[in-house]
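> My questions all concern the structure below.
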Amino acid sequence: MDGVRMHRLGKRLIDLSREVTTSAGGAELTPAEIAVIEDVLKHPGSAVSEIKVRTGFAQSHVSDSVARLRERGLIETPPDTADRRRTRVRLSEPARQAVLARAERSADEVIAHVVEDHVRAERVTALLDELAELLL
């Protein structure tokens, strides 16, 4: 497999995984909001400036996303105990539980929809499981 094809496959798998984890039963999130939530899940208690560095978004874009997510109750921004002028960003407990529940969703339905042939969809799922075993 050449690098371009592997890159295309990786992007397609990311798109499918996002469909599994961000659809059904929840409000739509922008790509920036998803990136902020993913970053805060991995790095709870981060400052906006730290999220900016890790996501690559402009600080104003991260700040706007944080404000929208806070208004929706998905994140909390308590003051930094060491420097009360700064805030720290963390997922709210209901959002954290929702993220964890979505992460456990099976991709079978999404794969079956994309592949359409039941037997081939099962093969794709088995191959993905095997690939995960080998590479993760």
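> Among the candidates Thr77, Thr30, single out the residue that is over 18 Å from Leu13 (Cα atoms), among the hydroxyl-bearing types (Ser, Thr, Tyr), touching a helix residue (DSSP H, G or I) at 6+ places or on another chain (Cβ under 6 Å) and touching a residue at least 12 places away in the same chain (Cβ under 8 Å).
Only one candidate passes the filter, namely Thr77.
> Another question, if that's okay. Looking only at residues in region 70-121 that are touching a Leu at 6+ places or on another chain (Cβ under 8 Å) and part of a loop (DSSP other than H, G, I, E, B), which one is nearest to Ser17 (Cα to Cα)?
Ala107
> Just checking, how many residues over region 110-136 are surrounded by 14 or more Cβ atoms within 10 Å (Cβ to Cβ) and more than 23 Å from the chain's Cα centre (by Cα)?
Number satisfying all stated conditions: 3.
> Could you list, in sequence order, the residues of region 84-107 that are among the small types (Gly, Ala, Ser) and either free of Cβ contacts under 8 Å to residues at least 40 places away in the same chain or loosely packed, with under 11 Cβ neighbours inside 10 Å (or both)?
Across region 84-107, the qualifying residues are Ser92, Ala101, Ser106.
> Hey, can you tell me all the residues within region 46-87 that are over 24 Å from Glu28 (Cα atoms) and not hydrophobic (A, V, I, L, M, F, W, C)?
Listed by number, the residues that qualify are Ser49, Glu50, Pro78, Pro79, Asp80, Thr81, Asp83, Arg84, Arg85, Arg86, Thr87.
> Continuing with the same structure: Can you pull out the residues in region 46-60 that are of a type in the set (A, V, I, L, M), assigned to a helix (DSSP H, G or I) and surrounded by fewer than 16 Cβ atoms within 10 Å (Cβ to Cβ)?
The answer is Val53, and nothing else.
> Restricting attention to region 23-36, report how many residues are at pLDDT below 70 and either aliphatic (A, V, I, L, M) or surrounded by 17 or more Cβ atoms within 10 Å (Cβ to Cβ) (or both).
2
The values are calculated or read from the model by the stated rules, or taken from the named source; none is laboratory data. These numbers were taken from a predicted model, which means no experiment stands behind them. Methodologically, a virtual Cβ is constructed for each residue, glycine included, from the backbone with ideal geometry; neighbour enumeration extends over all protein chains shown.
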